[in-house]
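Reviewing the structure listed below.
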Amino acid sequence: MWEARTLFDRRLQKHRYELRWLYMELYDNGSMFTELCDRMEQFYLERDAKLRDRDHVREAEAEAGSAWYKGNDLLGMMLYVDNFAGTLKGVEERLDYIQKCNVNVLHLMPFLKTEKGKSDGGYAVSDFRRVNDELGTMEDLAHLANTCHENGINVCMDFVMNHTSECHEWARRARAGEGEYMSRYFFYENETIPRQFEQTVPQVFPTTAPGNFTWLPQIGHYVMTTFYPYQWDLNYRNPRVFNEMMYNFLYLANQGIDIFRIDAVPYIWKELGTPCRNLRQVHTIVRMMRMIAEIVCPGILLLGEVVMEPEKVAPYFGTIEKPECHMLYNVTTMATTWHTVATRDVRLLKKQLDTICALPKDYVFLNYLRCHDDIGWGLDYDFLARQGFEECAHKQYLKAYFLGKAGNSSSRGELYNDDPVTGDARFCGTTASMCGIEAAERRLREGCPKEETEIAQAISLDVMLHAYMFFLSGIPILYSGDEVAQKNDYSYREDPWKMDDSRYIHRGRMDWEAVERLKDADSTESRVFYTLARLEEIRRTSKVFVTNADVWTVETGDDSVLGIGRCFEGEKVVGLFNFCENDKTAWISETDGMYEDLLSGERMQMVNVKLPAYGFRYLQRCAC
Ligand code: GLC
């Protein structure tokens with residue numbers, strides 16, 4: 001115990017001055033700061049010995065410059081516990097499948113207590129210390145995390161800190177008029193201040209939940225609700241809110257969670273007269289959270305959910321001396337990827353990747369094609385304007401394209417929050433459906449003669465997109481089901497709790513029958529799954545895919561062909577990706593030796609390389 005205390009003290013000592021400084025700057029409350037430090041020590045002492053060892057190893061690795069999350073061996077998967085396996089215990093029973101998918105970062109979508117019909121897919125938490133009854137218990141979570149660790153899998157969960165459910169105990173007490181609890185949220189007795197906020201704060205769900213406030217007739221007050229009316233924004237001006245949420249965070253860390261996805265982090269500080277996004281104080285809070293983690297549980301990582309353009313995302317990494325998040329989502333790249341699919345024009349994607357490549361190599365991004373949310377068309381419209389794309393018209397085109405109604409598209413999916421005022425609509429659908437696999441299979445069932453070529457093409461697109469995503473630096477994240485080309489699930493339309501939220505179209509139950517079809521080598525599932533498995537193996541076994549490799553885009557002389565180069569310790573690989581349904585040639589000439597196609601084993605000169613429709617190549621420079 002004595003030794004453990006010393007370690008805690010050493011870590012606290014390292015950060016105490018800065019932590020106290022920031023805390024006092026925000027709250028000017030010494031006794032609450034003392035309470036925070038005492039509770040941190042308590043959480044540290046309660047932390048399981050195995051987890052403390054894990055922390056110790058990871059801390060040492062990070063200090064030696066080889067942090068565990070910066071290699072090339074991590075592959076993530078995000079999944080809903082209920083959709084995937086019913087319960088947490090069910091997930092544990094299915095870990096063999098997770099391993100078969102080569103996944104070692106398991107993001108369990110929100111599983112804490114929520115109220116049916118008012119859960120926003122789990123993002124309206126009514127108890128941060130309790131698992132949803134249908135999914136299991138806190139003990140099941142700790143057990144699952146432990147088993148994952150024994151099998152080399154890291155566990156990620158959402159930490160929804162911007163708001164609580166209106167059913168959370170604090171909200172219930174606030175609704176009952178208890179002042180102390182009301183001060184944990186934003187309450188206003190008339191519309192004066194809410195109106196002022198509405199002038200500068202944009203809307204998150206303009207059609208499904210318009211406005212940023214909800215009127216509560218029982219107590220004659222407005223409450224701030226940036227997201228759904230049942231998600232009440234927490235007031236981080238109140239140090240009690242910050243402290244208690246940090247205790248919840250540490251409590252969950254002690255269950256064995258390795259990565260915390262900080263949900264909606266840009267929103268957590270509100271200030272009249274501002275858009276209430278990305279304010280300075282948000283960074284103070286995240287920085288404090290990082291230090292708290294480094295003191296109590298340095299093995300864990302913070303993953304910020306910042307769904308914004310790169311200039312707004314990068315500050316969440318903090319600085320080298322004062323880091324904030326360990327990892328962030330490569331969100332604009334994801335949206336730009338789908339724009340590229342719809343236009344067959346890689347110029348914007350190339351520019352986007354140039355921006356990312358110019359960032360410090362210490363920044364770790366999570367790359368993905370699809371997640372549980374909609375795709376918003378937050379693209380670089382200034383750049384597009386110079387290419388002749390006009391913003392409104394282009395958004396209309398993207399809408400039509402992904403609905404399968406324009407531009408030689410077989411995409412299937414649905415619009416999301418089609419805003420009547422701005423005309424903006426986001427998009428929902430699974431990767432496979434957006435790539436045309438659903439439409440092609442349907443035509444096959446209907447007896448269309450061209451179906452096999454169509455399916456082959458849709459599969460090629462799906463696989464090429466994954467190949468390109470795996471080629472990027474950072475951690476690739478699969479959306480559960482994508483590994484077996486799972487299609488849209490339309491059953492949400494019959495569910496009164498879900499029918500208004502089209503994001504459920506890509507939140508369907510795991511199709512275990514599709515997994516069964518992996519036994520048939522010719523099935524769509526096998527054609528996707530085993531190619532991804534091969535790519536995953538290449539990525540894992542070749543050092544050139546580490547996060548701090550040199551990465552650059554390669555000019556290919558064809559606007560439909562994306563080229564990316566990677567180099568690390570003398571090893572070089574070039575990835576070529578054809579975003580078009582026609583065969584293409586990458587007009588390049590790399591004269592530094594022979595190259596080998598890492599998939600086919602073919603040796604070749606890298607001169608004017610041919611690519612089939614939606615084809616790709618990973619070309620590695622030969623050693624000799
Ligand atoms: C995040 C989640 C989204 C949720 C929102 C509110 O953006 O990804 O699904 O609706 O936060 O918690």
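The values are calculated or read from the model by the stated rules, or taken from the named source; none is laboratory data. Predicted, not measured: the structure shown is a model, and the values here were computed from it. Quick reminder, even Gly has a Cβ in these numbers, built from the backbone with ideal geometry, and neighbours come from all protein chains shown. Areas reflect the complete protein model, heavy atoms only, side chains present, ligands, DNA and RNA absent. Shrake-Rupley method; radii C 1.70, N 1.55, O 1.52, S 1.80 Å.
To the nearest 20 debye, what charge dipole does the chain have about its Cα centre, counting +1 at the Cβ of each Lys and Arg and -1 at the Cβ of each Asp and Glu?
Dipole size: approximately 540 debye.
Can you find, among Thr556, Met499, Leu518, the residue farthest towards the positive end of the dipole of region 479-556? Put +1 on the C-beta of Lys and Arg, -1 on that of Asp and Glu.
Thr556
As I understand it, the value is the acute angle between the Cα axis of helix 30-46 and the longest principal axis of the Cα atoms of the chain; what does it come to in degrees, rounded to 10?
60
Can you tell me the mean projection area, over all orientations, of the convex hull of the chain's alpha carbons? Units nm², please.
28.2
Any idea how far apart Trp512 and Asp9 come out in nm if each label point goes 7 Å out from Cα toward Cβ?
Distance between label points: 5.4 nm.
Assuming a ≥ b ≥ c are the square roots of the Cα gyration tensor eigenvalues, decide whether region 10-123 counts as rounded (a/c under 1.5), prolate (otherwise, with a/b larger than b/c) or oblate.
oblate
Going down the list Lys116/Lys399; Lys350/Lys487; Lys89/Lys113, which pairs span over 22 Å between their C-alpha atoms?
In this structure, Lys116/Lys399; Lys350/Lys487 exceed 22 Å between Cα atoms.
Just the number, please: percent antiparallel of the DSSP beta bridges in the chain, rounded to the nearest 5.
In the chain, DSSP labels about 65 percent of beta bridges as antiparallel.
Summing Lys, Arg as +1 and Asp, Glu as -1, what charge do residues with Cβ under 12 Å from the Cβ of Arg240 carry, Arg240 excluded?
Residues close to Arg240 contribute a combined charge of -1.
For Glu536, Glu150, write out the residues from largest to smallest accessible area, computed with a 1.4 angstrom probe and no ligands counted.
Sorted descending by solvent-accessible area, the residues read Glu150, Glu536.
7 Å from Cα along Cα→Cβ at both Leu359 and Gln281: what's the point-to-point distance in nm?
Between Leu359 and Gln281, the label points sit 2.6 nm apart.
Starting with the highest mean, order 328-338, 108-118 by the number of other Cβ atoms within 10 Å, averaged over the residues of each peptide.
Ranked from most to least packed, the peptides come out as 328-338, 108-118.
What is the magnitude of the charge dipole of region 13-63 about its Cα centre, with +1 placed on the Cβ of each Lys and Arg, -1 on the Cβ of each Asp and Glu, and no other charges, expressed in debye to the nearest 20?
In debye, rounded to 20, region 13-63 gives about 100.
Could you pull the accessible area for Ser542 with a 1.4 Å probe, rounded to 10 Å²?
Rounded to the nearest 10, that gives 10 Å².
Check each of the GluC sites (Glu not before Pro) in region 156-232 and keep only those in coil by DSSP with at most 16 other C-beta atoms within 10 angstrom; list them in order.
Passing both the DSSP loop test and the Cβ count: Glu178, Glu189, Glu191.
Which stretch or stretches of region 535-566 have amide N atoms under 19 Å from the point lying 7 Å from Thr591's Cα along the Cα→Cβ direction?
Once the point is set 7 Å along Cα→Cβ of Thr591, 555-557 turn out to lie under 19 Å by backbone N, inside region 535-566.
Show that you can apply the helix-only estimate: for the chain, add -39,500 (n - 2.57) for every DSSP H stretch of four or more residues, divide by all residues, and state [θ] at 222 nm to the nearest 500.
The helix contribution divided over the chain gives -12000 deg cm²/dmol.
Sorted by average packing, counted as other Cβ atoms within 10 angstrom per residue and highest first, what order do 435-445, 76-86 take?
Highest mean packing first, the order is 76-86, 435-445.
Relative contact order for region 145-258: what is it in percent, counting Cα pairs under 8 Å that are at least 6 residues apart?
This gives 32 percent for region 145-258.
Do me a favour and compute the ellipsoid semi-axes for region 317-470 from its Cα gyration tensor, root of five times each eigenvalue, largest one first, whole Å.
30, 19, 15
Between region 81-118 and region 414-434, what is the C-alpha centre distance in whole Å?
Here the two parts' Cα centres lie 26 Å apart.
Can you pull the accessible area of Asp53 for me, 1.4 Å probe, Å² to the nearest 10?
Asp53 has an accessible surface of roughly 100 Å² with all protein chains in place.
Once R0 is set to 30 Å, what does the formula 1/(1 + (r/R0)^6) return for the Cβ-Cβ distance between Glu321 and Thr541, expressed as a FRET efficiency to the nearest 0.05?
E between Glu321 and Thr541, to the nearest 0.05, is 0.30.
Between Thr137 and Phe383, what is the FRET efficiency for a Förster distance of 56 Å, r being their Cβ-Cβ separation, to the nearest 0.05?
The computed FRET efficiency comes out at 0.65.
What FRET efficiency would be calculated for the residue pair Asp373, Arg130, taking the C-beta separation as r and a Förster radius of 22 Å, to the nearest 0.05?
0.35
Can you give the charge dipole size of region 160-265 about its Cα centre, rounded to the nearest 20 debye, using +1 on the beta carbon of Lys and Arg and -1 on the beta carbon of Asp and Glu?
60
For region 396-409, just list the computed ³J(HN,Hα) in residue order, Karplus coefficients 6.51, -1.76 and 1.60, θ = phi - 60°, integers in Hz, with x standing in for Gly and Pro.
Residue by residue, region 396-409 yields 4, 5, 4, 4, 5, 4, 6, 7, x, 10, 7, x, 6, 10 Hz.
How tilted is helix 347-357 with respect to the longest principal axis of the chain? Cα atoms for both, answer in degrees (0 to 90, nearest 10).
Once rounded, the angle reads 50 degrees.
So for each of 597-609, 244-256, 463-475 I average, over its residues, the number of other beta carbons within 10 Å; can you give me the resulting order with the highest mean first?
463-475, 244-256, 597-609
For region 550-575 and region 247-313, what is the centre-to-centre distance using only Cα atoms, to the nearest Å?
Each part's Cα centre sits 34 Å from the other's.
How charged is the neighbourhood of Val554? Take every other residue with its Cβ under 15 Å from the Cβ of Val554, and add Lys/Arg as +1 and Asp/Glu as -1.
+1
Out of Leu22, Val223, Thr192, whose Cα points farthest toward the positive end of the dipole of the chain (charges: +1 Lys, Arg; -1 Asp, Glu; placed on Cβ)?
Leu22
In cubic angstrom, how much convex hull volume per residue do the alpha carbon atoms of region 251-398 span?
So the per-residue hull volume is 135 Å³.
Counting only heavy atoms of protein chains, what accessible area per residue, in Å², does the chain have with a probe of 1.4 Å?
39
Residue separation times 0.36 nm, minus the C-alpha to C-alpha distance between Glu581 and Ala60: what's the value?
Here the answer is 182.7 nm.
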